[in-house]
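Read through the structure below, which is laid out as structure tokens, and then see the notes.
Read-outs: derived from the displayed coordinates by stated rules, not from any lab. Note that this is a predicted model, so its numbers are computed, not measured. Here the Cβ is made from the backbone with ideal geometry for all residues, glycine too, and neighbour counts use every protein chain on show.
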Amino acid sequence: MSDTPRWPMAWIRAGLDLAVLGSLSVGPLHGYAIAQRLAALGFGVLKGGSLYPVLNRLEEAGSVDAVWVEGMGGPGRREYHLTAAGRARLGEELAQWRQLTDTLCAMAENDPGPSSTGETR
């Protein structure tokens, strides 16, 4: 697990909601476990100031549910679960991201460059 993100921070911020939903697609996790999973996947070390506002937004939107789980000999914690609406959102937004990346790749591969007339597209 690397502390250094694989992608520019602007990209990570733009995709963080989707990344959190994706991390919960394998099952319920508490906030620290979500951060660890994302770090292992190349998102770098996320601070609570980045992760918890995302979790709150997703909970308010109905994409995740949170339940309080008592700790075994330690403090309790909130455990986050992907809802049916969150699973649907994950699928829809992943499809949109794929369309975006496909479009960007096609532009880079097929763009002949600036027009000979000097027009911009």
Per the 1/(1 + (r/R0)^6) rule, R0 = 22 Å and r from the Cβ atoms of residue 18 and residue 84, FRET efficiency to 0.05 is 0.85
Spatial separation of Cα centroids for region 53-106 and region 1-43, in angstrom: 11 Å
Specify which residue in the list 91, 62, 101 is farthest towards the positive end of the charge dipole of the chain, using unit charges on the beta carbon of Lys, Arg (+1) and Asp, Glu (-1), about the Cα centre. 62
Largest first, please: the extent of the C-alpha atoms of region 15-121 along each principal axis, to the nearest Å. 72, 28, 20
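Normalising by the residue count of the chain, find the relative contact order in percent from Cα pairs under 8 Å and 6+ residues apart. Mind dumping the intermediate values first?
Numbers: 123 pairs, mean separation 30.9, N = 121.
So the answer I get is 26 percent.
State which stretch of the chain is the longest one without any exposed GluC sites (Glu not before Pro), exposure meaning a DSSP loop state and at most 14 other Cβ atoms within 10 Å.
My reading of the result: 1-69 is the longest stretch.
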